[in-house]
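Scroll down for the structure; my scribbles are underneath it.
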Amino acid sequence: VPPERNRNFSIIAHVDHGKSTLCDRLLQSCGVIPENAREQFLDGLEVERERGITVKAQTCSMLVRSEKDGLQYLLNLIDTPGHVDFSYEVSRSLHACQGAVLLCDAVQGIQAQTVSTFHQAFEADLEVLCALSKVDLDYAQKEEVKRQMSVLTGVSTDEVLEVSGKTGQGVPSLLEAIIHKVPPPRGKAQAPFKALLFDAYYDSRRGMVLLIAIEDGELRKGSKIHCSYSGRVHVAMDIGLLYPDLCSVDNLRSGQIGFIVVGAKDIRSFRVGETVWQEGGEKSGEPFPGFKPAHPMVYAGIFPEAVSDGEKLETAMQRLLLTDASVEARRDISPVLGSGYRCGFLGLLHLDVFRQRLSREYGVDVLATSPTVPYHLLLANGTQVVVEHAGDFPTPPAMPPKEVEEPLVTATIVLPRELTPGIQQLCIERRGEELSVEPLDNAGERILMKWRLPLAEVITDFFDKLQALSHGFASFDYQPAGYQPVDLVKVGVRLNNEHVDALSFFALRAKAPEVSRKYLEKLEKVIPAQLFDIGIQAVVGGKVVAKVRIKPIRKDVVAQKILSHGHSGDPSRKAKLLERQKEGKKRLREIAKVQVPPEAFVAMVKM
Ligand code: GTP
């Protein structure tokens, strides 16, 4: 197929709007996968299938003969992941395309990610085709949703296509629209080889697989390539197309989407968005402007649920980190949770998916500590550091930081009009700033709001609150939006005058006393009374802001308890009780001479 008959496109949609089902149907209609393939073909990982969400972008090529001109075209579908946290992956895949199909559920109408993915496609300068999905459903509101799409994108309602991944209705027209509306890639066939790396993964059998969109020139199998980010040279041991399995070819040409297998092991030496040239040849022009590498936005400690699983966790982490370059991890040792990791993720769902993969794919159940965000600290000596763990925050005698900045996000919220006041109230409580409120349809029944919110307020229970307030009728998406100054303090916790760093946390200065009081009350409930007094204090900058005291339990009460439990006088029962008590003791761990059951500690640090 000549380069002018290549088409590179993505399908973008809100979660569950039928993207995977439509992708399967497209591949089936082109004979790439068998008609009876039930599983969603592109959703490779087990977690993805179970949760019904696509995490890793996957890509597939298909040959289609146009009914209109009788010619054969090579369509490259670049599958984009469907969830909030992965919008970074969506945008990186979009840069390998010239067109995007914006899919919207004909029953549900426009949702937050329909809006945010449209904006991403628009900014990437793509030709956007609008399509309604699930039009086979009885309750499809075709005309209404077409009007919404027209208001959002400026495309006229007559141009909005109707498709059903379930029945296959509208699929031929969609293929024709892709062929005749999406422009071919703009590369130069005769120029030296230049390609954009848009995804990479580690395959235990083959090694590193780089997914590339070839802009200019040609690459032959066995040539040497030069990667702009690391400056390293690799041999292209295998090259080919994605059907969607890797399918080797002798050369890759301008306009194609393909893969290169290189003999490297470390995914971290590659960056999505970097440029791949042929080594030795003339370099054609400038490297691609490149994408900003994804920075973790949500941090959490990951510890084995069973302390004896430490080694198993280590092996699993090493393997899993090879498959996901966007996770940051370093070793951490907690006095109570044992040896684990401190990890950075793109968002909460990313953290959750990672945790599930550890459990499903590697059989390690882990505990994740409650998430935090990265703060930028300007220290008294003028240096700038990023701190995401309260334990690392400077405390006396160190000088307090001169300034602290917190990460912000721009939130896109789509909701029915009558829910607007309630959701606005929620955003205000979460220190939000309203940026815009607009109707998404002519009747003004559906509203699109944009808010600027501190990320720390979003990662607690914002999403749950939003769902509860809207009974699931509001949808939400967010993008990183810079930093702002915040009056943040570290609250330290002292147990019997001994500082327990693992229990310290961040709080807004104004709210520190109130938050600390609530925290200590919770601690008071989970630490059992002992034979002596336990004093617990919350401390900010050396000053006590809240305290509680757990009164000692009297010895005779302990004895009384055993007696009363063993009221039947049955000796075996009493023995059992004593045995159980002994077991309980073994599981207790001592912090500051206070016997703290691991569950209590877990209750305090767990998300
Ligand atoms: P993510 O991968 O999580 O983004 O979801 P998705 O957009 O890929 O949605 P998916 O294809 O998994 O479909 C979501 C649900 O809608 C599934 O239960 C599908 O069976 C159903 N569905 C998808 N397409 C159609 C359709 O054309 N008609 C009907 N009736 N149901 C559909």
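The values are calculated or read from the model by the stated rules, or taken from the named source; none is laboratory data. Bear in mind that the values here come from a model prediction, so they are computed numbers and not experimental data. Positions of Cβ are generated from backbone atoms using ideal geometry, with glycine treated the same way; all protein chains shown enter the neighbour counts. Ligands, DNA and RNA are excluded from the accessible area calculation, which covers all protein heavy atoms including side chains. Shrake-Rupley method; radii C 1.70, N 1.55, O 1.52, S 1.80 Å.
Taking into account only those residues within the range 383-421 that are without any contact (Cβ under 8 Å) to a residue 12 or more places away in the chain and not hydrophobic (A, V, I, L, M, F, W, C), which is farthest from Lys450 (Cα to Cα)?
Pro397
Could you tell me which numbered condition Val515 fails, if it satisfies all but one of (1) more than 23 Å from Ser370 (Cα to Cα); (2) open to solvent by 50 Å² or more (accessible area, probe 1.4 Å)?
Evaluating Val515 over (1) more than 23 Å from Ser370 (Cα to Cα); (2) open to solvent by 50 Å² or more (accessible area, probe 1.4 Å) leaves (1) as the failure.
Count, please, the residues in the range 99-153 that happen to be free of Cβ contacts under 8 Å to residues at least 40 places away in the same chain and in contact with a Lys or Arg (Cβ under 9 Å, 6 or more places away or on another chain).
7
What is the residue count in the range 367-389 for residues that are buried (at least 16 other Cβ atoms within 10 Å of the Cβ), part of a strand (DSSP E or B) and at pLDDT 90 or above?
5
With respect to Gly255, is the statement that it is modelled with pLDDT of 85 or more, open to solvent by less than 10 Å² (accessible area, probe 1.4 Å) and in contact with a helix residue (DSSP H, G or I) (Cβ under 9 Å, 6 or more places away or on another chain) true?
Numbers: modelled with pLDDT of 85 or more: yes; open to solvent by less than 10 Å² (accessible area, probe 1.4 Å): yes; in contact with a helix residue (DSSP H, G or I) (Cβ under 9 Å, 6 or more places away or on another chain): yes.
Yes; evaluated as a whole, the condition is true for this residue.
So, Val261, is that one closer than 25 Å to Asp324 by Cβ, assigned to a strand (DSSP E or B), touching a residue at least 24 places away in the same chain (Cβ under 8 Å) and not basic (Lys, Arg) or not?
On the way: closer than 25 Å to Asp324 by Cβ: yes; assigned to a strand (DSSP E or B): yes; touching a residue at least 24 places away in the same chain (Cβ under 8 Å): yes; not basic (Lys, Arg): yes.
Criteria met by Val261.
Mind checking which residues of the range 297-308 are in contact (Cβ under 8 Å) with a residue 12 or more places away in the chain and surrounded by fewer than 20 Cβ atoms within 10 Å (Cβ to Cβ)? Reasoning before the result, please.
Of the residues in the range 297-308, the ones in contact (Cβ under 8 Å) with a residue 12 or more places away in the chain are 297-307.
Scanning the range 297-308 gives Glu305, Ala306, Val307.
The rows are residues; the columns are (1) in contact with a Gly (Cβ under 9 Å, 6 or more places away or on another chain); (2) open to solvent by less than 30 Å² (accessible area, probe 1.4 Å).
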site	(1), (2)
Lys490	yes, yes
His499	yes, no
Leu503	yes, yes
Ala507	no, yes
Leu520	no, yes
Gln537	yes, no
Lys543	no, no
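Please determine, by comparing only the residues of the range 117-148 that are assigned to a helix (DSSP H, G or I) and of a type in the set (S, T, N, Q), which one is nearest to the ligand (Cβ to nearest atom). Even if it seems obvious, please write down each step before you answer.
Here is the first cut: in the range 117-148, the ones assigned to a helix (DSSP H, G or I) are 117-123, 142-148.
Next, from what is left, pick out any that are of a type in the set (S, T, N, Q): 117, 120, 148.
Details: Thr117: 10, Gln120: 15, Gln148: 17 Å.
Among those that are assigned to a helix (DSSP H, G or I) and of a type in the set (S, T, N, Q), it is Thr117.
Please go through the range 150-174 and give me each residue that is assigned to a helix (DSSP H, G or I) and within 16 Å of the ligand (Cβ to nearest atom), ordered by number. Working first, answer last.
As a first pass, look at the range 150-174 and keep what is assigned to a helix (DSSP H, G or I): 150-153, 157-159, 171-174.
Val171, Pro172, Ser173, Leu174, listed by residue number.
Just name the residue that is nearest to the ligand (Cβ to nearest atom) out of those in the range 1-31 that are assigned to a loop (DSSP other than H, G, I, E, B) and in contact with a strand residue (DSSP E or B) (Cβ under 7 Å, 6 or more places away or on another chain). Full working, then the answer.
Step one: list which residues in the range 1-31 are assigned to a loop (DSSP other than H, G, I, E, B), which gives 1-2, 14-18, 30-31.
From what is left, the residues that are in contact with a strand residue (DSSP E or B) (Cβ under 7 Å, 6 or more places away or on another chain) are 1, 14, 17-18, 30.
Working: Val1: 28, His14: 7, His17: 5, Gly18: 3, Cys30: 18 Å.
Filtering the range 1-31 for residues that are assigned to a loop (DSSP other than H, G, I, E, B) and in contact with a strand residue (DSSP E or B) (Cβ under 7 Å, 6 or more places away or on another chain), the one nearest to the ligand (Cβ to nearest atom) comes out as Gly18.
Failed condition for Val209, given (1) in contact with a Ser or Thr (Cβ under 8 Å, 6 or more places away or on another chain); (2) assigned to a strand (DSSP E or B), with all others met?
Unmet for Val209, out of (1) in contact with a Ser or Thr (Cβ under 8 Å, 6 or more places away or on another chain); (2) assigned to a strand (DSSP E or B): (1).
What pairs come out if I take residues in the range 1-15 that are of a type in the set (Ser, Thr, Tyr) and pair them with residues that are away from the ligand (no atom under 16 Å from the Cβ) whose C-beta lies under 7 Å away, six or more apart or interchain?
Ser10/Cys97
Looking only at the range 182-209, filter to residues that are modelled with pLDDT of 90 or more and within 32 Å of the chain's Cα centre (by Cα); which one of those is farthest from Leu137 (Cα to Cα)?
Lys194
For the range 472-493, what are the residues that are in a strand (DSSP E or B) and more than 30 Å from Val545 (Cβ to Cβ)? Talk me through it step by step, then tell me what you get.
Step one: of the range 472-493, the residues in a strand (DSSP E or B) are 475-485, 488-493.
Answer for the range 472-493, where residues must be in a strand (DSSP E or B) and more than 30 Å from Val545 (Cβ to Cβ): Ser475, Phe476, Asp477, Tyr478, Gln479, Pro480, Ala481, Gly482.
What number goes with the only condition from (1) within 30 Å of Ser133 (Cβ to Cβ); (2) surrounded by 20 or more Cβ atoms within 10 Å (Cβ to Cβ) that Arg186 does not pass?
(2)
Of all residues being open to solvent by less than 10 Å² (accessible area, probe 1.4 Å) and part of a loop (DSSP other than H, G, I, E, B) in the range 98-116, which is nearest to the ligand (Cβ to nearest atom)? Just the residue, please.
Ala106
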